[in-house]
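Q: Starting off with a structure, shown below.
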C-alpha cells in the first residue's frame, strides 16, 4: 500500500478472516485491540496501540449476532475517538437491519435509520459498505458513505464457470435492476419472476416473464436469508423447462435450509458474512470481496474516485 502512512485498520470480532484478507491486500498489519466479554455479558475493549492523529477504519459485519456486533463496533469507535484518532471510518460489508428501512405498517420503527444515527453519534466520519438492501439507507447518513457493488467480482467468478446459453432471472420485482445489470455484464438475456410475500418466511410464486425453456438459469439477488424466494423461483424455472439453475447472491445470511429440496445446483456468494457452522459448502463458491474493499479504501485515503473501480469492470 502506498497511500497515507498514518492509516490504521482495526477489525471487530464478527469476521476476523475478512479482516486478515483486507489487511493482506493492503500490506498493512491489523491494529491491535483487545475485545473481551465480561461475566455479566457486557463488552470490554482496549486499543493496544497509539492512534493519536491517525486515520482509522474499523471493519465489522453486522450479522450472525447483529446486536452484539453492532454494540461492539460502537464501543470500539468510542475508544478510538477518546484515544484522539484524527478520523474514524467504517468498513461494514453487510449492514444489519437493512430490511427495516421504512414504515410498512403503522407502529413500527425505521431501525436502519436508528443504526445510522448510532454510528454517527459514536464518532464515525465516513464509511464503505456493500450492496445495501435498500438504496435509501445511504441517505440515512449525514457523512460520506460509499455503497460498493459486489457484481464485478461475482460476474468474474460466474464467467470462469463457463455456463452456456444463460438467462439471468430476477426472483422478484425488487431485483429487476440488479438482474438487468448482471445480464449486461454477462451479455445475456434476462427474465422476471413475480412473487407475493405472505410473511417473513413464506412467499407465493407469481408469473415468469421471459423464456427459460432449454436454457441455463442464473438467479440473482442482493441477499439470501431463508432462501424461500430463490427456492420458489428455481422451482418455477425448472417447471418452465430450464436446464441447470445457478444463483449469485452478495450476502449469504443463510438463516434457513437453503439447499433442502432446492433445484439450485450451485450458488456464488461473497464473504461479506462468514458462512454458518455445518453449512453445505460443496454447493457454494465463496468469492472474496477483500480486493474490492482494499482498492476502495486506498482510493478514499488517496482522495481518488471510487466509482471508477467498479464501473470499468461492469
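Read the figures in this text as sums done on the coordinates, not as results from a lab. Bear in mind that the values here come from a model prediction, so they are computed numbers and not experimental data. Reconstructed Cβ throughout: ideal geometry from the backbone, glycine too, with neighbour counts over all protein chains shown.
Q: Using the 10 angstrom Cβ neighbour count as an exposure proxy, how do 169, 115 rank, fewest first? Walk me through the numbers before you get to the answer.
A: Details: 169 32, 115 23.
Exposure proxy ranking, most exposed first: 115, 169.
Q: So, R0 is 25 Å and r is the distance between the beta-carbons of residue 32 and residue 114; what FRET efficiency does that work out to, to 0.05?
A: Details: r = 31 Å, r/R0 = 1.24.
The formula returns an efficiency of 0.20 here.
Q: The stretch 4-68 to the stretch 81-154: how many Å between their Cα centroids?
A: The two parts, judged by their Cα centres, are 17 Å apart.
Q: So if R0 is 22 Å, what FRET efficiency would residue 302 and residue 160 give, r being the distance between their Cβ atoms, rounded to the nearest 0.05? Numbers along the way, then the final one.
A: On the way: r = 30 Å, r/R0 = 1.38.
Once the sixth-power term is evaluated, E becomes 0.15.
Q: How many percent of DSSP beta bridges within the stretch 151-287 run antiparallel, rounded to 5?
A: On the way: 5 of 28 bridges.
Around 20 percent of the beta bridges assigned by DSSP in the stretch 151-287 are antiparallel ones.
Q: Moving on to the next point. Taking the number of other C-beta atoms within 10 Å as the exposure measure, put 226, 37 in order starting with the fewest.
A: On the way: 226 17, 37 12.
Ordered by Cβ neighbours within 10 Å, fewest first: 37, 226.
Q: Now a separate question. Just for the chain, what percent of DSSP beta bridges are antiparallel, to the closest 5? Don't skip to the end; give the middle numbers.
A: On the way: 10 of 51 bridges.
Roughly 20 percent of the DSSP beta bridges within the chain come out antiparallel.
Q: Right, something else. Could you give me the percent of Cα pairs per 10 Å distance bin for the stretch 17-125, shortest bin first, beginning at zero and ending with the bin that holds the maximum distance?
A: P(r) over the stretch 17-125, rounded to whole percents: 13, 41, 34, 10, 2.
Q: Next question. What does the convex hull of the alpha-carbon atoms of the stretch 151-287 project to on average, in nm²?
A: Working: hull surface 29.3 nm².
That works out to 7.3 nm².
Q: Sticking with this one: Take every Cα-Cα distance within the stretch 1-55, group them into 10 Å bins from 0 onward, and report for each bin the whole-number percent of pairs it holds.
A: It works out to 21, 46, 27, 6, 0, in whole percents.
Q: Okay, next question. So for the pair residue 281, residue 257, with labels modelled 7 Å out along Cα→Cβ, what separation do we get in nm?
A: 2.2
Q: Going by average Cβ neighbours within 10 Å, how do the peptides 264-277, 131-144 rank, with the highest at the top? Provide the component values of the computation, followed by the final result.
A: On the way: 264-277: 19.3, 131-144: 16.4.
Listed from highest to lowest mean packing, they are 264-277, 131-144.
Q: Same structure, new question: First measure r as the distance between the Cβ atoms of residue 6 and residue 68, then evaluate 1/(1 + (r/R0)^6) with R0 = 35 Å and state the FRET efficiency to the nearest 0.05.
A: Numbers: r = 30 Å, r/R0 = 0.87.
Efficiency, from the Cβ-Cβ distance: 0.70.
Q: For residue 103, put the label point 7 Å out on the Cα→Cβ axis and report which residues of the stretch 124-142 keep their amide N under 20 Å from it.
A: 134-141
Q: At each listed q (0.08, 0.09, 0.10, 0.11 Å⁻¹), what is the log10 of I(q)/I(0) that the Debye formula gives for the chain modelled as equal alpha-carbon point scatterers?
A: Log10 of I(q)/I(0), two decimals: -0.38, -0.48, -0.59, -0.70.
Q: From the helices alone, meaning DSSP H stretches of at least four residues, give me the mean residue ellipticity at 222 nm for the chain, per-run term -39500 (n - 2.57), in deg cm²/dmol to the nearest 500. Intermediate values should be presented prior to the final figure.
A: Details: 8 runs with 91 residues, N = 314.
Dividing the helical sum by the residues of the chain leaves -9000 deg cm²/dmol.
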